[in-house]
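Undergrad: The structure's right below; bear with me while I get my questions together.
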Amino acid sequence: MKFELPPFVLKILKKFQDAGFEIYIVGGAVRDLLTKRFVDDWDFTTNATPEKIQKLFPDAFYDNVFGTVGLSHKSSPNPYEITTFRTEHGYSDARRPDKVEWGKSLEEDLKRRDFTINAVALKIQIPKSKIQKKKPTILDAEIIDPFDGRGDLDNKLIRAVGKPKERFSEDALRMIRAIRIAAELGFTFEEKTFEAIKANAPLINKIAKERVRDELLKILGSPNPYEGIVMFRSSGLMNEIIPEFEKTFGVEQKSPGRHHIHDVGTHSLLSLKNCKSEDPIVRFATLIHDIGKAQTYKKLPTGVITFYNHELVSARIAKAIAKRLKFSKKQSEKFYKLVRYHQFTVDERQTDSAIRRFIKNVGKELVPDMLNLRVADRLGGGARETSWRLEEFKTRLIEVQKQPFTVRDLKISGHDVIKVLRLHSGPKIGEVLETLYKEVVDKKLPNEKKALLARLKMLK
Ligand code: ATP
Ligand code: MG
């Protein structure tokens, strides 16, 4: 089979071959090449030991823990990874092999890999003739595929290599990797493989939360976030990682005369399905925006169901989830704010200053995502995408943002006040600016330098 390979990859292959080593392309790159996707992460395996690899590439860095040599390259944010053939023994803690030995053959190495579609290797003989330095070259590859990974790629199936139960209890990270890869590729599961995840789900707690976070955010950021989260849930992993979410299923919302048709959990999943943002944090916030409804549920004697202050409880849970999954400060703040303010009102009777307060609370940059969440929430509840109220609110958001937010947004500064009023610096300057700011906000004065200076002169 022929594949198009970039110059940097050919250079790596050639260097190993010239030095007399075996070298193969493996992992995600093979998956992507065989399914004709863009490859952005190249992995290689070789019989050369890390020391020998470092001799070939003196600039490479060596990660002692995983026995991987990384090569940085400008075409990719992640380094290309080269691993020496390995065999692994005796996983007693569900996350690390007790012993890693260098393997003698490619077959041995492929056997320790997680899924059949990840255990396919490409062997490419680089011809003596000159390879293109700047452009990709099309070359013939021998495909080594001992577990019929190609068959599973054709059938869009994730299947563990070897005995699924053993493979997941050896290394619990594989369970969430499986769902992430399924979500990225739009695949489903071979039955025994999925059953084995269900049986081993509690073991996910042995895995460092940073790794779980990375995989979960990849599931949410994939082309199939809804399907991914449905699998994450039906596998039992959701209940281990975010038990609060599981509690929202079966919480009814249907009140006489109200539009809600689904229980909270189902509504949350459908909101995610309808989320137009590709940002995993926005998608995640959309998924859990109502998570506090399980705790705030109240049914009145009239049959009306209320969730008083549920956005506050949801936001508190969001904060706890962010902490548990070790989100960065920036991720955590964004996640929290989206949940905290998702109940914003779009009532046409609210004042400009109420709208300004909303923008101040969520931050200007987050306003479009806040609207994304609202639209997803509406669609996920069976409503139309928008309403005249929401459209009017969007127009007012733009209008209000044209007005200054603080004294600092005025088109004149303290220096102007000092110059025009011939003042010395002191509290009086702030007071003058505050007066002008109020007049601008009350639309008595435009926020334009000329008009503001003219008004200043009147204060002399
Ligand atoms: P991507 O690069 O898109 O994240 P990938 O499958 O290439 O996907 P990597 O983490 O780069 O994932 O790993 C490269 C290869 O190493 C995998 O395809 C698989 O063969 C093997 N591998 C990675 N993690 C594991 C694991 N936990 N258990 C067994 N094999 C693994
Ligand atoms: Mg990879």
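Undergrad: Only one of these is outside the structural domain of residue 314 (by TED's automatic domain parsing), over 22 Å from residue 288 (Cβ atoms) and part of a helix (DSSP H, G or I): 192, 218. Name it.
TA: Details: 218 fails: over 22 Å from residue 288 (Cβ atoms).
Only one candidate qualifies: 192.
Undergrad: Say we look at segment 1-17 and pick out the residues that are closer than 21 Å to residue 109 by Cβ and aromatic (Phe, Trp, Tyr); which of these is nearest to ligand 2 (Cβ to nearest atom)?
TA: 3
Undergrad: Just to verify a result, which residue in segment 115-170, among those that are among the polar types (S, T, N, Q) and in a loop (DSSP other than H, G, I, E, B), is nearest to ligand 1 (Cβ to nearest atom)?
TA: Narrowing segment 115-170 to residues among the polar types (S, T, N, Q): 116, 118, 125, 129, 132, 137, 155, 169.
When the remaining residues are screened for being in a loop (DSSP other than H, G, I, E, B), the result is 125, 129, 132, 155.
On the way: 125: 22, 129: 30, 132: 25, 155: 18 Å.
Selected residue: 155.
Undergrad: Kindly state which helices (runs of 4 or more DSSP H) lie completely within segment 350-460 and contain at least 2 residues that are under 30 Å from residue 272 (Cβ atoms). I'd like the intermediate steps shown before the answer.
TA: Values: elements: 352-362, 367-380, 388-402, 414-421, 427-441, 449-458.
The helices (runs of 4 or more DSSP H) meeting that bar are 352-362, 367-380, 388-402.
Undergrad: Only one of these is on the phi > 0 side of the Ramachandran plot and in contact with a Pro (Cβ under 8 Å, 6 or more places away or on another chain): 186, 162. Name it. Full working, then the answer.
TA: Values: 162 fails: in contact with a Pro (Cβ under 8 Å, 6 or more places away or on another chain).
Of the residues listed, the single one that is on the phi > 0 side of the Ramachandran plot and in contact with a Pro (Cβ under 8 Å, 6 or more places away or on another chain) is 186.
Undergrad: Restricting attention to segment 45-60, which residues are away from ligand 2 (no atom under 14 Å from the Cβ) and among the polar types (S, T, N, Q)? Full working, then the answer.
TA: Taking segment 45-60 and keeping what is away from ligand 2 (no atom under 14 Å from the Cβ), we get 46-60.
The answer is 46, 47, 49, 54.
Undergrad: Further question: Take segment 1-50 and flag every residue that is away from ligand 1 (no atom under 12 Å from the Cβ), of a type in the set (Asp, Glu) and in a helix (DSSP H, G or I).
TA: Listed by number, the list holds a single entry, 18.
Undergrad: Can you name every residue in segment 6-26 that is under 29 Å from the mean Cα position of the chain (by Cα) and modelled with pLDDT under 95? Before the answer, list the steps.
TA: Of all residues in segment 6-26, those under 29 Å from the mean Cα position of the chain (by Cα) come to 6, 8-9, 25-26.
Those that are under 29 Å from the mean Cα position of the chain (by Cα) and modelled with pLDDT under 95: 6, 8, 9.
Undergrad: Answer yes if at least one residue in segment 101-113 is closer than 27 Å to residue 3 by Cα, within 16 Å of ligand 2 (Cβ to nearest atom), in contact with a helix residue (DSSP H, G or I) (Cβ under 8 Å, 6 or more places away or on another chain) and assigned by TED's automatic domain parsing to the domain that holds residue 29, and no otherwise.
TA: No, segment 101-113 contains no residue that is closer than 27 Å to residue 3 by Cα, within 16 Å of ligand 2 (Cβ to nearest atom), in contact with a helix residue (DSSP H, G or I) (Cβ under 8 Å, 6 or more places away or on another chain) and assigned by TED's automatic domain parsing to the domain that holds residue 29.
Yes/no matrix, rows are residues, columns are (1) over 19 Å from the mean Cα position of the chain (by Cα); (2) among the acidic types (Asp, Glu); (3) surrounded by fewer than 19 Cβ atoms within 10 Å (Cβ to Cβ):
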| position | (1), (2), (3) |
| --- | --- |
| 278 | no, yes, yes |
| 302 | yes, no, yes |
| 327 | no, no, no |
| 332 | no, no, yes |
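Undergrad: Can you spot a residue in segment 245-257 that is in contact (Cβ under 8 Å) with a residue 24 or more places away in the chain, assigned to a helix (DSSP H, G or I) and among the hydrophobic types (A, V, I, L, M, F, W, C)? Full working, then the answer.
TA: Narrowing segment 245-257 to residues in contact (Cβ under 8 Å) with a residue 24 or more places away in the chain: 245, 247-248, 251-256.
Now restrict to residues that are assigned to a helix (DSSP H, G or I): 245.
Then drop every residue that is not among the hydrophobic types (A, V, I, L, M, F, W, C), which leaves 245.
Within segment 245-257, one or more residues are in contact (Cβ under 8 Å) with a residue 24 or more places away in the chain, assigned to a helix (DSSP H, G or I) and among the hydrophobic types (A, V, I, L, M, F, W, C).
Undergrad: Within segment 51-69, take every residue that is part of a loop (DSSP other than H, G, I, E, B) and closer than 15 Å to residue 15 by Cβ and give me the one that is nearest to the chain's Cα centre (by Cα).
TA: Going residue by residue through segment 51-69, those that are part of a loop (DSSP other than H, G, I, E, B) are 57-60, 64-67.
Checking the rest, the ones that are also closer than 15 Å to residue 15 by Cβ come to 57-60.
Values: 57: 33, 58: 34, 59: 31, 60: 29 Å.
Result: 60.
Undergrad: A further question on this structure: Would a scan of segment 81-97 turn up a residue that is under 18 Å from residue 20 (Cα atoms) and within 15 Å of ligand 2 (Cβ to nearest atom)? So that I can check it myself, show each step before the final result.
TA: Filtering segment 81-97 down to residues under 18 Å from residue 20 (Cα atoms) leaves 82-85.
In the following step, the residues that additionally are within 15 Å of ligand 2 (Cβ to nearest atom) were identified as 82-83.
The answer is yes; a qualifying residue exists.
Undergrad: Hey, could you check segment 18-33 for residues that are more than 10 Å from ligand 2 (Cβ to nearest atom) and aliphatic (A, V, I, L, M) and say which is surrounded by the fewest Cβ atoms within 10 Å (Cβ to Cβ)? Can you show your working first?
TA: Step one: of segment 18-33, the residues more than 10 Å from ligand 2 (Cβ to nearest atom) are 18-25, 33.
Subset that is aliphatic (A, V, I, L, M): 19, 23, 25, 33.
Numbers: 19: 14, 23: 23, 25: 23, 33: 21.
Going through the qualifying residues, I end up with 19.
Undergrad: For segment 55-68, state whether one or more residues are at pLDDT 85 or above and either within 16 Å of ligand 1 (Cβ to nearest atom) or on the phi > 0 side of the Ramachandran plot (or both).
TA: yes
Undergrad: May I pose another question? Of these, 414, 430, 380, 363, which one is in contact (Cβ under 8 Å) with a residue 60 or more places away in the chain and of a type outside the set (Phe, Trp, Tyr)?
TA: Values: 414 fails: in contact (Cβ under 8 Å) with a residue 60 or more places away in the chain; 430 fails: in contact (Cβ under 8 Å) with a residue 60 or more places away in the chain; 363 fails: in contact (Cβ under 8 Å) with a residue 60 or more places away in the chain.
That would be 380, the only listed residue that is in contact (Cβ under 8 Å) with a residue 60 or more places away in the chain and of a type outside the set (Phe, Trp, Tyr).
Undergrad: Hey, another quick one. Name every residue in segment 83-114 that is outside any loop (DSSP other than H, G, I, E, B), crowded, with 17+ Cβ neighbours inside 10 Å and touching a Ser or Thr at 6+ places or on another chain (Cβ under 6 Å), in order of residue number.
TA: Hits for segment 83-114 are 83, 84, 109.
Undergrad: Consider residue 42 against the criteria (1) more than 15 Å from ligand 2 (Cβ to nearest atom); (2) surrounded by 15 or more Cβ atoms within 10 Å (Cβ to Cβ); (3) among the aromatic types (Phe, Trp, Tyr); (4) under 29 Å from the mean Cα position of the chain (by Cα): it satisfies all of them except one. Which criterion is unmet?
TA: Single failed check for residue 42: (1).
The values are calculated or read from the model by the stated rules, or taken from the named source; none is laboratory data. Please read all numbers here as calculations on a predicted model, not as lab measurements. Please note: Cβ atoms are built from the backbone with ideal geometry, for glycine as well, and neighbour counts cover all protein chains shown.
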